[in-house]
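The values are calculated or read from the model by the stated rules, or taken from the named source; none is laboratory data. Just so we're clear, the structure is a prediction, and the values are computed from it rather than from any experiment. Virtual Cβ from ideal backbone geometry, glycine too; neighbours counted across all protein chains shown. Keep in mind that these areas ignore ligands, DNA and RNA; they rest on the heavy atoms of the full protein, side chains included. Shrake-Rupley method; radii C 1.70, N 1.55, O 1.52, S 1.80 Å.
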Amino acid sequence: MYKLLLCVRYLRTRFIALASIISVMLGVATMIVVNSVMSGFGTEMRSRIHGILSDVVVETNSLDGVHDVDRWMKIIREVGGDDIDSLAAMVEIYGMMTYDYRGQPVMKTVQLIGIDPRTKSDVSPVAGLFETSLDSYQQIKEQGQVVREPLRSAGEPAGWELTADAAEARRHRIELEQRFIEQREWERKRSQPESEALDHNPSALFEPINAKTAKDSDKASPPDFSHDEEPAVAVDPAAPQRARLYVGAGLVEYVYTDEETGKAKVMRIIRPGEDVMISTISAGRPEPVRFHATVVDVFKSGMSEYDSNLVFCNLEELQKVRGMIDPQTKDGAVTSIQIKLKNYDRASEIVQRLSTALPPGLFSVRTWEQKQGPLLAAIEIEKAILNVLLFLIITVAGFGILAIFYMIVVEKTRDIGILKALGATSRGVMTIFLSYGLALGIVGSGVGVAIGLLFVTYIDNIEKGLSKLTGRKIFDETIYYFPKIPTDVSATMVIWVALSAVMIAVLASVLPARRAARLHPVEALRYE
Amino acid sequence: MPDLLILEPTRRLMQTTPIAPVHLASIALEKSYRKGNHQIPVLRGVEINIRRGEFLSIVGQSGSGKSTLLHVMGLLDSPSVGEVLLDGDRIDDLPQKTRDELRNRVFGFVFQFYHLLPELTVLENVLAPLMIRHSMLSYWKRRREFRLAAEEILEKVGLTHRLKHKPNELSGGEMQRAAIARALVAKPEILLADEPTGNLDAGTGQEIMGLLRNLNEQDGLTIVMVTHDESLARSSHRLVRLTEGRLELLSDAA
Ligand SMILES: Nc1ncnc2c1ncn2[C@@H]1O[C@H](COP(=O)(O)OP(=O)(O)OP(=O)(O)O)[C@@H](O)[C@H]1O
Ligand SMILES: [Mg+2]
């Protein structure tokens, strides 16, 4: 009883103890905040990586792909059994995207992915993958003001059709080009009246400046499949190309800082409705192939690696261009089959089963985590190191407690002597200081948890306030792509942090408590 | 006049307990302190038998070792040589835990410098021995009873109006009385009082003495009291002097 009473009294009358409570509190709060934000980023990143990749990916080892997709899918379904949710076939190939920017050709290496948006959405772990990442589904805001409403309604499934806006932009662009060409023609006619008629291939429309070079290289390149069945006369010059693309935002935009306002702005070079040129290689004997494609939409997953690399193309067109369609059976080859599982926990088992069931050498089967192993491992290691460092903060707080407690024990030496003279046991005296430490730890980590959780909850408001205070953006959305700071509070993490803080407080009080317990009563009573 | 004062209680004691048994005793008690390489002897063979219900006074020069003797007899310190006996059984070599318990149950200490706990109120200070004796649960169950006992004792020493005061808000005499109340609340068998009247004026000193005598007569409490005031000491049963580490009998009223 006296233990509790004295413990409470000492806590209430020693303001120095407040210092150790505060240090424990701060340590706990920072650990919670940092851990939550770190794992928020991690989870966000994982979900973005995972968003593009499906749970399990079966890839062919050659770029030629395999024919008879249905047969392979059937095998996969049989092997996977009930665990398979849905499947989607894709063609993945490296390529190059070319477009003009202010008269200069811009070239980007890209990863070209032929998909059917609907089946791709089916295997994606994110509900409505394209609906959340395509530009035309988003509302655009600038400084809190809506500057553009979504162009497609949320319920509309992603497809390869142009939006009215994009079609309008395309028509407008073509008119401009047309006028430009007419003018050039007129000029040429004036200087060279007997020149041959300029061919009206609409594909040349968008390269007015280097149209000539494009035409020249066209001759050297192998047959351009995109124009195979094209009618000789273009019906509507504004009709989009047959190849349609979703282009990663990083490929067609750049971020710059407005000189006047100092605000970061996004400049888009290619808008939906405009055309770009894609080069890649054909299947079979690798030969370069080139084709024009219309950008239908701009894609923004939030993973810069994807957004500056990926170009989604309509599957049939890519198969056709690459010569992957069997002339007899009209069956297109694919290079990968994406699998969505009903329960991701069983992924490694499914991978095992598929690896043995599918012909070796032809396919490789991996989970998305295996595909992105090094990146995920890096995030984990980063988090672990940060945790160790932060834990050191709490340890420092622990040493603070040790020093302060030692002081209090010295200060209370006579009281300890009195208690022992009245019959208190060494253990009893020790308990006073241990429970003192326990109380400090509990109060400190309790308040720390509360502060940490509050901080995490209001992190965006805090960020705004701090940005205003320092006049500098702390969390720049344009860098991270996140509209908000992602946080992920895990109960186990909070409990672990709180418990280890309490543990450290108790451990730190062991030494002073033992000293108190070992005091000789008479010596202690004589202590001045 | 003082003689009458002592004779009265003594006679009564003699009538009730013709030959009271030895309560607390010491055999060839020696205590020395080490100072560097030197051993400084303080007690050099103290032999004393204190009978049950006896009121013993010890006088002696300052630094003669009176406090040391009380500490050793009360198990606060262990003797260098010799034995301490309680009811004929040796107690100074008992395990630490048992000695802690004996200190709590058998002995009541009044220290020369009061030694109250500064963070606790007078009432809480008085309750401290009971808090130490009982577990938290049993204390909680009997807290009313204990509180009443403490208030009763505090009333006896005349501190009813200071229950909620902290020691630093009390005068020396009040602290002394609080210390006595604390020593008595746990109903000890033996009271070891180190100059309980040392800081009091003559009147208050007499009051305290009266209180101690009352306890001794009515409750049969064995009292060992260290004092400088020989006139007060004379009102006890037996008076001894500590000189050169040994006890010499000055007067024995029995
Ligand atoms: N821990 C110690 N170390 C060294 N010497 C000590 C120690 N404790 C007591 N002494 C010495 O023992 C002697 C007796 O001390 P004690 O306190 O018993 O005297 P006292 O008779 O109670 O004196 P007073 O009447 O002033 O209270 C003193 O000379 C003191 O210096
Ligand atoms: Mg003394």
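Observations, loosely collected:
- Cβ-Cβ under 7 Å pairs, at least 6 apart or on other chains, the stretch B:215-234 side more than 16 Å from ligand 1 (Cβ to nearest atom), far side open to solvent by 60 Å² or more (accessible area, probe 1.4 Å) and assigned to a helix (DSSP H, G or I): B:Glu217/B:Arg12; B:Ser231/B:Pro2; B:Arg234/B:Pro2
Results for (1) open to solvent by 50 Å² or more (accessible area, probe 1.4 Å); (2) in contact with a strand residue (DSSP E or B) (Cβ under 8 Å, 6 or more places away or on another chain); (3) modelled with pLDDT under 85, shown as yes or no for each residue.
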residue	(1), (2), (3)
A:Ile479	yes, no, yes
A:Lys484	yes, no, yes
A:Thr487	yes, no, yes
A:Val497	no, no, no
A:Ser500	no, no, no
A:Ala505	no, no, no
A:Ala508	no, no, no
A:Leu511	yes, no, no
A:Arg515	yes, no, no
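Results for (1) within 16 Å of ligand 2 (Cβ to nearest atom); (2) not hydrophobic (A, V, I, L, M, F, W, C), shown as yes or no for each residue.
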| site | (1), (2) |
| --- | --- |
| B:Met175 | no, no |
| B:Ala179 | yes, no |
| B:Leu184 | no, no |
| B:Thr197 | yes, yes |
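- Inspection of the stretch A:263-276 identifies no residue that is farther than 15 Å from A:Tyr101 by Cβ and either touching a Pro at 6+ places or on another chain (Cβ under 6 Å) or not assigned by TED's automatic domain parsing to the domain that holds A:Glu142 (or both).
- Residues that are modelled with pLDDT under 85 and not hydrophobic (A, V, I, L, M, F, W, C), drawn from the stretch A:274-286: A:Glu274, A:Asp275, A:Ser282, A:Gly284, A:Arg285, A:Pro286
- Scanning the stretch B:58-80 for residues that are more than 26 Å from A:Leu419 (Cα to Cα) and more than 9 Å from ligand 1 (Cβ to nearest atom) yields one hit, B:Val59.
- The helices (runs of 4 or more DSSP H) located wholly in the stretch A:1-107 that include 3 or more residues which are more than 14 Å from chain B (Cβ to nearest Cβ) and touching a residue at least 60 places away in the same chain (Cβ under 8 Å) occupy A:16-52, A:69-80.
- Among the residues of the stretch A:243-283, those that are in contact (Cβ under 8 Å) with a residue 60 or more places away in the chain and of a type in the set (Ser, Thr, Tyr) comprise A:Tyr246, A:Ser279, A:Thr280, A:Ser282.
- Boolean, B:Arg177 is crowded, with 23+ Cβ neighbours inside 10 Å, away from chain A (no Cβ under 14 Å) and more than 16 Å from ligand 1 (Cβ to nearest atom): yes
- Qualifying residue in the stretch A:114-127 (condition: under 28 Å from A:Leu376 (Cβ atoms), of a type in the set (S, T, N, Q), modelled with pLDDT under 75 and buried (at least 21 other Cβ atoms within 10 Å of the Cβ)): yes
- Residues of the stretch B:18-38 classified as assigned to a strand (DSSP E or B) and either more than 16 Å from ligand 2 (Cβ to nearest atom) or closer than 18 Å to B:Leu249 by Cα (or both), total: 13
- The residues listed here are A:Leu358, A:Leu318; of these, the one that is surrounded by fewer than 23 Cβ atoms within 10 Å (Cβ to Cβ) and in contact (Cβ under 8 Å) with a residue 24 or more places away in the chain is A:Leu358.
- For the stretch B:39-55, the set of residues classified as of a type in the set (A, V, I, L, M) and either open to solvent by 10 Å² or more (accessible area, probe 1.4 Å) or away from ligand 2 (no atom under 16 Å from the Cβ) (or both) consists of B:Ile40, B:Val42, B:Ile48, B:Ile50, listed by residue number.
- Some residue of the stretch B:58-73 being away from ligand 2 (no atom under 16 Å from the Cβ) and within 13 Å of another protein chain (Cβ to nearest Cβ): no
- For the stretch A:421-431, filtering for residues that are within 11 Å of chain B (Cβ to nearest Cβ), in a helix (DSSP H, G or I) and of a type in the set (A, V, I, L, M, F, W, C) leaves 2.
- Within this structure, B:Lys66 passes the test of being open to solvent by less than 20 Å² (accessible area, probe 1.4 Å) and of a type outside the set (A, V, I, L, M, F, W, C).
- Residue selection: B:Ala193 satisfies the criterion of being under 24 Å from B:Leu70 (Cα atoms), within 16 Å of ligand 2 (Cβ to nearest atom) and of a type in the set (Gly, Ala, Ser).
- Among the residues making up the stretch A:362-396, those that are open to solvent by 70 Å² or more (accessible area, probe 1.4 Å) and either more than 30 Å from A:Ile22 (Cβ to Cβ) or of a type in the set (Ser, Thr, Tyr) (or both) are A:Arg366, A:Gln370, A:Pro374, A:Glu380, A:Ile381.
- Selected residue [at the interface with chain A (Cβ under 9 Å from one of its Cβ atoms) and either modelled with pLDDT of 90 or more or crowded, with 16+ Cβ neighbours inside 10 Å (or both)] from B:Leu94, B:Leu85, B:Leu120, B:Leu148: B:Leu120
- Restricting attention to the stretch B:183-204, the residues being within 16 Å of ligand 1 (Cβ to nearest atom) and not in a loop (DSSP other than H, G, I, E, B) number 3.
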